[in-house]
Amino acid sequence: MSLEQLNANSFEKIIYDNEDSCLVIFSRKSCHVCKEVVPVLEELQPQYRDRVGFYYVDVEEDKNLSQRFSLKGVPQILFFKAGEYQAKLAGAVDEDEVIDKIAEVLES
Amino acid sequence: MKREALTQKLLVLGVDGMDPRVTRKFLAEGIMPNLQKFIEKGSAREDLSHLGALPTITPACWTTLATGAYPGTHGITCFWRQSPKSLDAVVYNMDSRNCEAEQLWNVTSEAGMKTLVWHWPGSAWPPTSDNPNLNVVDGTQPGSVNMGVAQLDWEKIIAANEEITELIYAPKVERPAGTGCMISDLSAITEEEEEPATDMMELWYGEAAMSGSEIREYIMGPENMEMVIESIPHYDVVNSPLKNAQGWAAAPADAKEFTILTSDGIVRRPTLILKNSDGIYDRIAIYKNKKAEKPIVVLELGKMVSGIVDDINKEGVLKPACRSMKLLELSTDGTSVKLWISNALDIAQDKLWHPKELLKDIVENVGPVQPVSLVGGEDAYLVENVYEPAWDSYSQWQAKALNHLIKNRDYQVVFSHLHNIDCAGHMFWHLAKNLERWSYTDPEVNQNFIRKFYIQTDKYLGEFLHLLDEGWTIMILADHGLLVGEEFPPQIGEYGGMNVQVMEELGYTVMKKDANGKTLKEVDWEKTTAVQTRSNYIYINLKGRDAHGIVDRADKYELERKIMSDLYSYRYKGERVIGLAMRNKDAVVLGTNGPQCGDIFFTVDEGYSRLHGDGLSTVEGAFDTSVSPIFLAAGTGIKENFTTVRTIRQVDIAPTIATLVGVRMPAHCEGGPIYQILTEEM
């Protein structure tokens, strides 16, 4: 299942107003590493249904958001819980690293 | 021989950059009534000055005040010292372990007197005596308490209105005067630069600097000069949509909302815009989130609020931090708002507090350490509305903190330092004369800002007047004064690095060039015979001593003669700009000899000096300013309403304190007590 895309305004609503536990991958269409990491998240998403939201932001379409989080490159996965930024994973990450990070910062 | 103490309690009120000449101007205007009372109750020279040490640089002079030794003797001759590895680099120097002279507070502590050293930017941190009588707070940078180690988030201007469609965050944007706070093209101001921008505070006083890493700054042209850099304010800008409040647990009808971003952009604070009973929007309330019942703070239009504690998110870890905030503008219909929020200081950062429990005492009884502002410069709106009020608030917090400690902890000797005047001086004193480079700024406006900072200082000093009735002796003094420059200075004598321009023109420093003949930021050591680093020092590139040395020792003396001759002949805008130039061995007459004072010590002549640091300690500038430091004393052991014609040297202050409190002289003291002002014949 593909990830739901966020823009600046839906990002505000979901992350901060709803305070959902979630992860957001900041990616770019032309990025090769992103093309490897996004499917990993798509595959994991069903396991966390109703517990952790999975989203993506296209940094070219929403430059303001990547600027705001001072992201120097893609892909980067940002983790949020109760409206607070918790942690991030950068670059080529595998399934186990994402599972461990979710357990550490979103489900602890 | 043991001497009897003339006083049991002595407080030093150090005010960085406080200039007696401009002070007298303001005393005559009647705007410094508290200082006037100190003068009437005490002793000073008629001109209120003392003869500052050379160089007129902050850590050098505060160390002289603490030790009674000249900079050539104590070895702290600038903010930095020469890197042992390379002539063009410097290393951090605000470390007490580099000081080669004994500090007076070690003597008083070891004599059984409980002693507090509060943010003294010269050889105070770390404590160099383990005597339990010695308490020390910070001193690792000149700015304000904890500034170098507790900063978690930078200053921000938040602008919100109904036309903004999405939340935008732009970090550390340079905003020359006249530029608004609306971000019209984010990419234009945040495009990645060739070299990452480095914050001057971080570069000079950050963790890397403190751990000994080299700082290599070349002053290649005017754009590298501190007065040019500091006069352009930089801060984070947030633009937020503004709309009717929606989804709140506690929003009244008609409330509007916008969003503040903190923590480098990653934390959001929803904010309500609220009406008063007359139906006019006049305040805002900042919340942790929309579910919260109570706000973090309510801000009324035009009122600065300090001591606001909110969590800052650092890499996912929440840390409570203290901020000041001010609602700068709010349209009566609530459709447009602008506010400033200060930098955020970690309220629990106690690594520069000795003992650590002092911080807890202050936080619980006075309030968390307050941040200051570093945005202002040529932007008169920000100086008026943010910078000056923030420093006023900090000064009042410091006065309360010191009075609390004095009242509750039985201190007998207190050395304290406040940086308000000096910090303001570096930002805009040079705008108080209409120099061509800043022709778009208004000198009169800036002269009034100088006035405001002296009024602020007078208010601070007034908070300690009551101690005179409680048996205390109080000294009010400075390290150096601050000039309103007569001219834009030449690029020699700039303290922040290696000065290239003049030495390159004279042929002593040679920079490498690329294939197109463009000058590179790299010294050609095979052709360089001398460099000018820090405030007043020229080093010969000597074989056997320096890493890339090319000058034979046998040729050093003649080369020095030639450099000094060329310096005197050098013309800038048609005029001689070098005041004195002398060999290291001869500079002992100025107290600027020894390995940290170069092979040649020189001064920039009156009329071409920058704010301070490059000329003699007697230089005067425009708007009745001078680089002389103030000195006066009042209270127990000091003659009342007394003036002396004695030349009071900076090295005389420490032995005067030692005499007053009845302890031995610090081991390397080179001055003598100011006998003339003491109530007892010596």
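The values are calculated or read from the model by the stated rules, or taken from the named source; none is laboratory data. Predicted, not measured: the structure shown is a model, and the values here were computed from it. Counting neighbours? That spans all protein chains shown, and the Cβs are built from the backbone with ideal geometry, glycine included. For accessibility, only protein heavy atoms count, side chains too; no ligands or nucleic acids. Shrake-Rupley method; radii C 1.70, N 1.55, O 1.52, S 1.80 Å.
Regarding the range A:7-19, can at least one residue be identified that is modelled with pLDDT of 90 or more and open to solvent by 70 Å² or more (accessible area, probe 1.4 Å)?
For the range A:7-19, residues modelled with pLDDT of 90 or more and open to solvent by 70 Å² or more (accessible area, probe 1.4 Å): present.
Return yes when residue B:117 is in a helix (DSSP H, G or I) and open to solvent by less than 10 Å² (accessible area, probe 1.4 Å) and no when it is not. Spell out the reasoning first.
Details: in a helix (DSSP H, G or I): no; open to solvent by less than 10 Å² (accessible area, probe 1.4 Å): yes.
When the stated conditions are applied, residue B:117 does not pass them.
Can you tell me which of B:632, B:660 is at pLDDT 95 or above, in a helix (DSSP H, G or I) and over 18 Å from residue B:60 (Cα atoms)? Before the answer, list the steps.
Values: B:632 fails: in a helix (DSSP H, G or I).
Step by step, each of B:632, B:660 is checked, and only B:660 is at pLDDT 95 or above, in a helix (DSSP H, G or I) and over 18 Å from residue B:60 (Cα atoms).
Any residue in the range B:206-228 that is aromatic (Phe, Trp, Tyr) sitting within a Cβ distance under 8 Å of a residue that is open to solvent by less than 20 Å² (accessible area, probe 1.4 Å)? List the pairs, counting only those 6 or more apart or interchain.
B:218/B:88; B:218/B:497; B:218/B:498; B:218/B:500
Does residue A:70 fit the bill of being among the hydroxyl-bearing types (Ser, Thr, Tyr) and free of Cβ contacts under 8 Å to residues at least 12 places away in the same chain?
On the way: among the hydroxyl-bearing types (Ser, Thr, Tyr): yes; free of Cβ contacts under 8 Å to residues at least 12 places away in the same chain: yes.
Criteria met by residue A:70.
Keeping to the range B:133-177, report how many residues are part of a loop (DSSP other than H, G, I, E, B), farther than 22 Å from residue B:327 by Cβ and either of a type in the set (D, E, K, R) or away from every other protein chain (no Cβ under 14 Å) (or both).
Residues of the range B:133-177 that are part of a loop (DSSP other than H, G, I, E, B), as a first pass: B:133, B:138-150, B:154-155, B:162-167, B:175-177.
Those left that are additionally farther than 22 Å from residue B:327 by Cβ: B:133, B:138-150, B:165-166, B:176.
Among the residues that remain, those that are also either of a type in the set (D, E, K, R) or away from every other protein chain (no Cβ under 14 Å) (or both) are: B:133, B:138-150, B:166, B:176.
Going through the range B:133-177 one residue at a time, the tally reaches 16.
If you check residue B:375 against the conditions, is it more than 14 Å from chain A (Cβ to nearest Cβ) and part of a loop (DSSP other than H, G, I, E, B)?
Values: more than 14 Å from chain A (Cβ to nearest Cβ): yes; part of a loop (DSSP other than H, G, I, E, B): yes.
Yes: the conditions hold for residue B:375.
Of all the residues that make up the range B:238-262, how many are closer than 19 Å to residue B:291 by Cβ, open to solvent by less than 10 Å² (accessible area, probe 1.4 Å) and either without any contact (Cβ under 8 Å) to a residue 12 or more places away in the chain or within 32 Å of the chain's Cα centre (by Cα) (or both)?
Here the count works out to 3.
If residue A:19 satisfies every condition in (1) under 20 Å from residue B:263 (Cβ atoms); (2) free of Cβ contacts under 8 Å to residues at least 60 places away in the same chain; (3) of a type in the set (Asp, Glu); (4) not in a helix (DSSP H, G or I) but one, which is the exception?
So residue A:19 meets the others, but not (2).
Does residue A:55 satisfy the condition of being of a type in the set (Ser, Thr, Tyr), crowded, with 18+ Cβ neighbours inside 10 Å and free of Cβ contacts under 8 Å to residues at least 24 places away in the same chain? Lay out the reasoning, then the answer.
Numbers: of a type in the set (Ser, Thr, Tyr): yes; crowded, with 18+ Cβ neighbours inside 10 Å: yes; free of Cβ contacts under 8 Å to residues at least 24 places away in the same chain: no.
Answer is no for this residue.
Would you say residue B:276 is away from chain A (no Cβ under 14 Å) and open to solvent by 20 Å² or more (accessible area, probe 1.4 Å)? Before the answer, list the steps.
Details: away from chain A (no Cβ under 14 Å): yes; open to solvent by 20 Å² or more (accessible area, probe 1.4 Å): yes.
Taking the combined requirement at face value, the residue satisfies it.
Can you name the condition, by its number, that residue A:102 falls short on among (1) within 13 Å of the chain's Cα centre (by Cα); (2) open to solvent by less than 30 Å² (accessible area, probe 1.4 Å); (3) closer than 22 Å to residue A:12 by Cβ?
It fails just one condition, (3).
Would you call residue B:599 within 30 Å of residue B:448 (Cβ to Cβ) and modelled with pLDDT of 95 or more?
Working: within 30 Å of residue B:448 (Cβ to Cβ): no; modelled with pLDDT of 95 or more: yes.
So residue B:599 does not fit the description; no.
Restricting to the range B:207-244, name every residue that is farther than 30 Å from residue B:162 by Cβ, in a loop (DSSP other than H, G, I, E, B) and of a type outside the set (Asp, Glu).
Initial filter on the range B:207-244 (farther than 30 Å from residue B:162 by Cβ): B:207-232.
Next cut, in a loop (DSSP other than H, G, I, E, B) only: B:211-214, B:216-217, B:220-221, B:225, B:231-232.
Listed by number, the residues that qualify are B:211, B:212, B:213, B:216, B:220, B:221, B:225, B:231, B:232.
Regarding residue A:38, is this residue touching a strand residue (DSSP E or B) at 6+ places or on another chain (Cβ under 8 Å), crowded, with 20+ Cβ neighbours inside 10 Å and more than 11 Å from chain B (Cβ to nearest Cβ)? Write out each step before concluding.
Working: touching a strand residue (DSSP E or B) at 6+ places or on another chain (Cβ under 8 Å): yes; crowded, with 20+ Cβ neighbours inside 10 Å: no; more than 11 Å from chain B (Cβ to nearest Cβ): yes.
No; evaluated as a whole, the condition is false for this residue.
Among the numbered criteria (1) free of Cβ contacts under 8 Å to residues at least 12 places away in the same chain; (2) in contact with a strand residue (DSSP E or B) (Cβ under 6 Å, 6 or more places away or on another chain), which one does residue B:317 miss?
Every condition holds for residue B:317 apart from (2).
Step by step: first the residues of the range B:342-358, then only those that are of a type outside the set (Ser, Thr, Tyr) and open to solvent by less than 10 Å² (accessible area, probe 1.4 Å), then the one that is farthest from residue B:263 (Cα to Cα). Which residue is that?
Here is the first cut: in the range B:342-358, the residues of a type outside the set (Ser, Thr, Tyr) are B:343-358.
So of that shortlist, the ones also open to solvent by less than 10 Å² (accessible area, probe 1.4 Å) come out as B:343-345, B:352-353, B:358.
Details: B:343: 10, B:344: 9, B:345: 11, B:352: 23, B:353: 25, B:358: 27 Å.
Among residues in the range B:342-358 that are of a type outside the set (Ser, Thr, Tyr) and open to solvent by less than 10 Å² (accessible area, probe 1.4 Å), the one farthest from residue B:263 (Cα to Cα) is B:358.
Could you list, in sequence order, the residues of the range B:43-71 that are closer than 19 Å to residue B:647 by Cβ and part of a helix (DSSP H, G or I)?
Across the range B:43-71, the qualifying residues are B:61, B:64, B:65, B:71.
Regarding residue B:558, is this residue surrounded by fewer than 24 Cβ atoms within 10 Å (Cβ to Cβ) and in contact with a Gly (Cβ under 9 Å, 6 or more places away or on another chain)?
Answer is no for this residue.
Which residue, of B:574, B:662, B:637, B:671, is free of Cβ contacts under 8 Å to residues at least 12 places away in the same chain and more than 22 Å from residue B:534 (Cβ to Cβ)? Steps first, please.
Numbers: B:662 fails: free of Cβ contacts under 8 Å to residues at least 12 places away in the same chain; B:637 fails: free of Cβ contacts under 8 Å to residues at least 12 places away in the same chain; B:671 fails: free of Cβ contacts under 8 Å to residues at least 12 places away in the same chain.
Among B:574, B:662, B:637, B:671, only B:574 is free of Cβ contacts under 8 Å to residues at least 12 places away in the same chain and more than 22 Å from residue B:534 (Cβ to Cβ).
Output the residue which, of all residues in the range A:64-85 that are within 8 Å of chain B (Cβ to nearest Cβ) and part of a loop (DSSP other than H, G, I, E, B), is most open to solvent (accessible area, probe 1.4 Å). Show your work before the answer.
Applying the first criterion (within 8 Å of chain B (Cβ to nearest Cβ)) to the range A:64-85 yields A:64, A:67-70, A:79, A:83-85.
Those still in the list that are part of a loop (DSSP other than H, G, I, E, B) too: A:69-70, A:83.
Details: A:69: 12, A:70: 55, A:83: 14 Å².
Restricting to residues being within 8 Å of chain B (Cβ to nearest Cβ) and part of a loop (DSSP other than H, G, I, E, B), the top hit is A:70.
Among the residues of the range B:3-24, are any more than 20 Å from residue B:665 (Cβ to Cβ), open to solvent by 50 Å² or more (accessible area, probe 1.4 Å) and part of a loop (DSSP other than H, G, I, E, B)?
So far as the range B:3-24 goes, no, none of its residues is more than 20 Å from residue B:665 (Cβ to Cβ), open to solvent by 50 Å² or more (accessible area, probe 1.4 Å) and part of a loop (DSSP other than H, G, I, E, B).
Determine which member of the set B:85, B:37 is open to solvent by 10 Å² or more (accessible area, probe 1.4 Å) and at pLDDT 95 or above. Before you say what the answer is, go through the steps one by one.
Numbers: B:85 fails: at pLDDT 95 or above.
On inspection, the qualifying residue turns out to be B:37.
From the list B:186, B:134, B:167, which residue is modelled with pLDDT under 75, over 24 Å from residue B:376 (Cβ atoms) and open to solvent by less than 20 Å² (accessible area, probe 1.4 Å)? I'd like the intermediate steps shown before the answer.
Numbers: B:134 fails: modelled with pLDDT under 75; B:167 fails: modelled with pLDDT under 75.
That would be B:186, the only listed residue that is modelled with pLDDT under 75, over 24 Å from residue B:376 (Cβ atoms) and open to solvent by less than 20 Å² (accessible area, probe 1.4 Å).
Those residues that are open to solvent by less than 10 Å² (accessible area, probe 1.4 Å) and among the hydrophobic types (A, V, I, L, M, F, W, C), I need them from the range B:372-396; list them, please. First the steps, then the outcome.
Applying the first criterion (open to solvent by less than 10 Å² (accessible area, probe 1.4 Å)) to the range B:372-396 yields B:372-373, B:375-377, B:382-383, B:386-387, B:390-391, B:394-395.
B:372, B:375, B:382, B:383, B:386, B:390, B:391, listed by residue number.
Can you give me the number of residues within the range A:92-105 that are away from every other protein chain (no Cβ under 11 Å) and touching a strand residue (DSSP E or B) at 6+ places or on another chain (Cβ under 8 Å)? Reasoning before the result, please.
In the first step, residues of the range A:92-105 are kept if they are away from every other protein chain (no Cβ under 11 Å); the result is A:92-100, A:102-103.
If we keep only those that are touching a strand residue (DSSP E or B) at 6+ places or on another chain (Cβ under 8 Å) as well, we get A:93, A:97-98, A:102.
Number satisfying all stated conditions: 4.
Collect the residues in the range B:216-252 that are out of contact with any Lys or Arg (no Cβ under 9 Å at 6 or more places or on another chain) and among the aliphatic types (A, V, I, L, M), keeping them in residue-number order.
B:219, B:229
Looking at the range B:124-182, which of its residues are touching a residue at least 12 places away in the same chain (Cβ under 8 Å) and of a type in the set (Ser, Thr, Tyr)?
Answer for the range B:124-182, where residues must be touching a residue at least 12 places away in the same chain (Cβ under 8 Å) and of a type in the set (Ser, Thr, Tyr): B:128, B:129, B:140, B:144, B:165, B:169.
When residue B:321 is evaluated against the numbered criteria (1) assigned to a strand (DSSP E or B); (2) open to solvent by 40 Å² or more (accessible area, probe 1.4 Å); (3) over 22 Å from residue A:17 (Cα atoms), which criterion, by number, is the only one it fails?
(2)
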